[in-house]
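Visitor: Handing you this structure, nothing more for now.
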Amino acid sequence: MTFAGSPDRVEAHLVPEAGYEFDTFRITGLPRQPSIALARALLLAGSAPRACRRILRARRPDVVLGGGGFVAGPMVFAASTLRIPAALTEADAHLGLANRLAAPFAQRIFLAYPLETRHRRKVSVVGRPIPARSRPVPQDEAREIFELAQDARILGVFGALAGAQALNEFVAETWGRSGPPILHITGQRDYEAVRRRVKRRDYRVVSETERFGAAISAADLVLARSGSTVWEIAAAGRPAIFVPYPFATGDHQARNAQHFVRAGGAIMVRELDLADVPDIVRSLLDDPVRLRQMGQAMSAAARPDAAQEIAEELIAMTPQLRPQP
C-alpha cells in the first residue's frame with residue numbers, strides 16, 4: 001500500500017513517519033470566490049491528472065481509494081482513464097464538492113451517513129473508519145491513564161479540532177472554578193489559555209493525546225464539536241452534547257450531529273445557544289438512567305467495523321486481490 005497527495009499538507013509528514021511510501025503532486029482546494037488564488041487552483045487542477053497518471057503507471061496499483069478531499073479527485077479521475085478500479089470515501093453527512101466532481105469516475109462510494117445522491121448504485125453506507133488510537137478501553141483503565149477519580153461522573157470535553165476555540169473558552173470560563181469533574185482535551189493552540197483559567201484539581205487539562213479512545217472512555221458524558229470524532233464517541237458508547245462548528249461547509253457538522261440525535265444518543269446545541277449547555281450537562285449527569293439509555297443508543301448507531309468493510313469491498317473490486325477458493 002502506498003499513498004499520494006500534496007507535498008504542502010500534513011500527510012506529507014505523517015505518511016512517511018508511519019512507514020509508508022508517499023508520492024506527491026501539486027493540487028490545492030478551490031476558493032469559492034473569484035480571485036488569483038482560484039485561477040492558480042484551476043491551473044493546478046488541470047495539470048494534476050497528468051501527474052497522477054505518472055504515479056499510477058509507476059506504482060501499478062490494483063485499486064485506488066480516494067479519501068474524499070480535493071487531493072482525491074485528480075487521482076480517481078486519472079485511475080479511471082487507465083482503467084484502474086477506484087473508490088471514494090465521504091466522512092461527513094454532506095457530499096463535498098471534490099467528491100461530487102469525482103463520483104462519476106469511481107466504481108464505489110463509501111459513505112459515513114445515508115445521503116441522497118444520483119450515484120445510489122455505487123453507494124455503501126459503512127460509517128467512518130476509526131483509528132486504532134481511538135478504540136475504546138475499559139473505563140477504569142481509562143481513568144487510571146488520565147489520573148481521574150474512579151467513582152465520579154466525569155464530563156469529557158474534546159476541543160482539539162479546528163474551530164473549537166469558542167467551545168474551549170466557554171468550558172474553562174463556566175467550570176474553571178467549580179462544577180463537575182472534567183477531562184478537557186484542548187488542542188495545542190488553546191491549552192495555555194484554558195490551563196490558566198482552571199483553578200481546581202478535578203478539572204484535568206490535556207493539550208493532546210495519543211490515547212483518544214481512552215479519553216472518551218474515561219468520560220460519562222461528552223461535550224464536543226461534531227466533526228469526524230462523532231464516530232469515535234459512538235464506538236465508545238458515550239452519550240454526547242454536540243456543538244456543531246457554525247462555519248462548516250454545507251453545515252455538515254450539524255448534519256453529523258443530527259444523525260446521532262435521531263438515534264437517541266446525543267443532544268445538539270448551536271453555538272449561539274452555548275448558555276444552555278450547563279443546565280443540560282447538570283441534568284444529564286444527575287440522571288444515570290438517561291445516560292445509560294443514551295449510551296446504548298450511541299453504541300447501536302456506531303459502525304466500529306467500517307475500515308474492515310471498506311477493505312473487503314476494495315478487495316472485491318479487483319480480481320487480483322480476491323481470495324482464491
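Visitor: Step by step: first the residues of segment 1-28, then only those that are in a loop (DSSP other than H, G, I, E, B) and under 14 Å from Met75 (Cα atoms), then the one that is modelled with the lowest pLDDT. Which residue is that? Working first, answer last.
Guide: Taking segment 1-28 and keeping what is in a loop (DSSP other than H, G, I, E, B), we get 1-2, 6-10, 18-21, 25-28.
Now narrow it down to the ones that are under 14 Å from Met75 (Cα atoms): 2, 6, 25-28.
Details: Thr2: 96, Ser6: 89, Phe25: 89, Arg26: 81, Ile27: 78, Thr28: 74.
My answer is Thr28.
Visitor: I would also like to ask the following. Is one or more of the residues making up segment 255-264 open to solvent by less than 70 Å² (accessible area, probe 1.4 Å), under 18 Å from His94 (Cβ atoms), touching a residue at least 60 places away in the same chain (Cβ under 8 Å) and not in a helix (DSSP H, G or I)?
Guide: no
Visitor: How about segment 93-133: which of its residues are surrounded by 15 or more Cβ atoms within 10 Å (Cβ to Cβ), of a type outside the set (A, V, I, L, M) and within 17 Å of Leu314 (Cα to Cα)?
Guide: Across segment 93-133, the qualifying residues are Phe105, Gln107, Arg108, Phe110, Lys122, Gly127, Arg128, Pro129.
Visitor: Test Ala306 against the criterion of being among the small types (Gly, Ala, Ser), in contact with a Lys or Arg (Cβ under 8 Å, 6 or more places away or on another chain), open to solvent by less than 10 Å² (accessible area, probe 1.4 Å) and at pLDDT 95 or above, and give yes or no. Give the derivation first.
Guide: On the way: among the small types (Gly, Ala, Ser): yes; in contact with a Lys or Arg (Cβ under 8 Å, 6 or more places away or on another chain): yes; open to solvent by less than 10 Å² (accessible area, probe 1.4 Å): yes; at pLDDT 95 or above: yes.
Spelling it out, Ala306 is indeed among the small types (Gly, Ala, Ser), in contact with a Lys or Arg (Cβ under 8 Å, 6 or more places away or on another chain), open to solvent by less than 10 Å² (accessible area, probe 1.4 Å) and at pLDDT 95 or above.
Visitor: Looking only at segment 272-282, decide whether some residue is closer than 25 Å to Arg143 by Cα, of a type outside the set (A, V, I, L, M, F, W, C) and outside any helix (DSSP H, G or I).
Guide: no
Visitor: Take segment 134-166 and flag every residue that is part of a helix (DSSP H, G or I) and either open to solvent by 40 Å² or more (accessible area, probe 1.4 Å) or over 19 Å from Arg238 (Cα atoms) (or both). Explain how you work it out, then say what you get.
Guide: So in segment 134-166, the residues part of a helix (DSSP H, G or I) come out as 134, 139-145, 165-166.
Matches in segment 134-166: Gln139, Asp140, Glu141, Glu144, Ile145, Gln165, Ala166.
Visitor: Return the only residue of Leu274, Leu284, Leu223, Leu314 being touching a residue at least 24 places away in the same chain (Cβ under 8 Å), surrounded by fewer than 19 Cβ atoms within 10 Å (Cβ to Cβ) and not basic (Lys, Arg).
Guide: Going through Leu274, Leu284, Leu223, Leu314 in turn, the sole match is Leu274.
The values are calculated or read from the model by the stated rules, or taken from the named source; none is laboratory data. Worth saying up front: this structure is predicted, and the values here are computed from it rather than measured. In this analysis, Cβ positions are derived from the backbone assuming ideal geometry, glycine residues included, and neighbour counts consider all displayed protein chains. All accessible areas refer to the heavy atoms of the entire protein, side chains included, with ligands and DNA or RNA removed. Shrake-Rupley method; radii C 1.70, N 1.55, O 1.52, S 1.80 Å.
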